[in-house]
Amino acid sequence: MRIVIQRVSHASVTIDGDCKSSIGKGMLILVGIEEADGQEDIDWLCKKIVNLRIFDDENGIMNRSILEDRGEILVISQFTLHASTKKGNRPSYIKAAKPEISIPLYEQFCKDLSNALGKEIGTGTFGADMKVELLNNGPVTICMDTKNKE
């Protein structure tokens with residue numbers, strides 16, 4: 001699994017003109033799933049995400065987790081995170097998992113992340129044409145890939 005975390009002041013996702021989810025201060029997480037991903041990847045990411053110290057403490061130092069900061073999370077599926085641009089100018093998405101694999105993993109990731117956070121998280125709709133708005137705070141943007149844990 002490959003994710004991009006953005007620390008946000010607020011974020012929302014709109015589908016067909018209707019706001020599906022919105023959050024205040026917290027994280028917008030884009031998630032891409034590949035064929036080889038599984039529960040071990042979900043477990044590792046969920047633990048990392050909720051303990052990642054990217055929120056400011058009382059001294060303005062990034063030293064607090066989203067749990068300590070009581071922030072919110074919005075998760076958006078994004079297969080384009082697995083784009084390969086090695087050949088030509090049209091990205092290839094051959095590493096991105098097919099919907100029959102990625103949808104259950106995306107749903108499990110959202111459920112497990114919500115449990116790790118201790119409250120509901122916002123989501124988009126898998127496969128929909130989504131309009132994502134955010135105010136990146138910092139800016140703080142972090143990329144993680146479960147295939148590069150070490």
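Since every read-out is calculated from the coordinates, none of them should be taken as a lab result. Owing to the predicted nature of the structure, the values given are computational and were not obtained by experimental measurement. Here Cβ is always computed from backbone atoms with ideal geometry, including for glycine, and neighbour counts include all displayed protein chains.
Assorted remarks:
- Dividing the mean sequence gap of close Cα pairs (under 8 Å, 6+ apart) by how many residues the stretch 2-148 holds gives a relative contact order of 38 percent.
- Helix 39-51 axis versus longest C-alpha principal axis of the chain: approximately 30°, rounded to the nearest ten.
- Full extension of the segment from D112 to C143, taken as 0.36 nm per residue of separation minus the current Cα-Cα distance, would add 9.2 nm.
- Pairwise FRET efficiency - N59 versus T125, Cβ, R0 = 41 Å, nearest 0.05: 0.55
- Spin-label model, Q39 to A83: label points 7 Å out along the Cα-to-beta-carbon direction sit 3.4 nm apart.
- Shape descriptor for the stretch 53-125: Rg over Rh equals 1.13 (Cα atoms; Rh from the Kirkwood inverse mean 1/r).
- Solution diffusion estimate, µm²/s, Stokes-Einstein, the stretch 1-147, Kirkwood Rh from C-alpha pairs, 10 °C, viscosity 1.306 mPa s: 101
- Selection from L67, S92, Q78, by position along the positive dipole direction of the stretch 41-113 (Cβ): S92
- Rounded to the nearest whole Hz, the Karplus-based 3J(HN,Hα) values (6.51 cos²θ - 1.76 cosθ + 1.60, θ = phi - 60°) of the stretch 119-126 follow the sequence 7, 4, 10, x, 9, x, 10, 4, with x at glycine and proline.
- Residues I103 and L67, FRET efficiency given R0 of 35 Å [Cβ-Cβ distance, rounded to 0.05]: 0.80
- Cut-off under 5 Å, modelled amide H: who pairs with G122 long-range: I73, L74, V75
- Of K47/K119; K119/K149; K25/K95; K86/K111, pairs whose Cα-Cα distance is over 23 Å: K119/K149; K25/K95; K86/K111
- Total charge dipole magnitude, the stretch 1-87, about the Cα centre, Cβ charges on Lys, Arg, Asp, Glu only, Debye to nearest 20: 280
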